[in-house]
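Reviewing the structure listed below.
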Amino acid sequence: MKMKFAIIPFIFIAMTLFIALAVVNTINSTTFAQKSEGAHFIAELSGKSTVGTNLSTNATGNAIFTVTEDGNEMSYTVNTMRINHVTDVVLVFSTGGHASKVALLRLGSQHGATGLINGLLVRGIITSSNLVGPLKGKYISDLVKDMLDGNIYLRVSTIKLPLEIIGKITPAE
């Protein structure tokens with residue numbers, strides 16, 4: 001009979017630890033979500049990328065991403081110079097090996113190819129319903145985490161080059 005009562009403190013300790021871990025996880029998730037609200041990110045676009053590609057192009061560009069105050073949307077603006085016949089503008093997830101699309105900002109199949117662009121290429125809003133691939137069914141906060149981890153790139157494709165310019169998205173200073 002003493003054995004049964006000796007187990008009770010261990011069960012109590014285990015339950016207390018479980019509850020404490022759940023509280024810490026909730027606090028960390030809430031803190032991360034609060035940090036991502038209003039966050040700004042940038043990308044410098046060129047044919048010389050951080051993913052080991054050096055393309056023969058004079059095209060360049062930049063992009064700005066801003067998480068809305070409620071954390072449910074991300075606005076973006078992509079500007080380019082000396083680029084022609086743009087088809088797709090996509091966010092891709094890559095850790096160096098394989099790249100997966102996570103958000104489609106402009107699709108040539110829907111809009112056709114552009115003419116020469118020297119300025120605004122595309123602007124809009126990303127919501128969780130726009131996320132595809134490994135982020136499908138997830139939230140803007142998941143996209144922000146991947147941006148903070150350095151795993152999200154902006155890729156601009158043209159008729160001539162499927163990967164004309166690219167840039168890693170990083171937190172704005």
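Here are a few things to note about the model shown:
- Residues satisfying the stated conditions in segment 130-158, i.e. of a type in the set (D, E, K, R) and in a strand (DSSP E or B): Arg155
- Pair list, Cβ < 7 Å and 6+ apart or interchain, from segment 66-89 residues that are touching a residue at least 12 places away in the same chain (Cβ under 8 Å) and among the acidic types (Asp, Glu) to residues that are surrounded by 17 or more Cβ atoms within 10 Å (Cβ to Cβ) and assigned to a strand (DSSP E or B): Glu73/Ile126; Asp88/Arg106; Asp88/Ser157
- Only residues that are under 14 Å from Met147 (Cβ atoms) and in a helix (DSSP H, G or I) were counted across segment 71-129, and they come to 0.
- Top-ranked residue in segment 113-129 [being small (Gly, Ala, Ser) and surrounded by 11 or more Cβ atoms within 10 Å (Cβ to Cβ); ranked as nearest to Asp88 (Cα to Cα)]: Ala113
- Hey, Asn79 modelled with pLDDT of 65 or more and surrounded by 15 or more Cβ atoms within 10 Å (Cβ to Cβ) or not: yes
- Evaluation of Arg106 against (1) surrounded by fewer than 13 Cβ atoms within 10 Å (Cβ to Cβ); (2) of a type outside the set (S, T, N, Q); (3) under 22 Å from Ser141 (Cα atoms) (one fails), failing number: (1)
- Just one of the numbered conditions (1) in contact with a Lys or Arg (Cβ under 8 Å, 6 or more places away or on another chain); (2) surrounded by 20 or more Cβ atoms within 10 Å (Cβ to Cβ) is not true of Val132: (2).
- Residue check for Glu173: of a type in the set (D, E, K, R), farther than 24 Å from Thr114 by Cβ and at pLDDT below 95: yes
The values are calculated or read from the model by the stated rules, or taken from the named source; none is laboratory data. Computed from a prediction, not measured in an experiment: that's the story for all the values here. Note: ideal-geometry Cβ built from the backbone for every residue, glycine included; neighbour counts use all protein chains shown.
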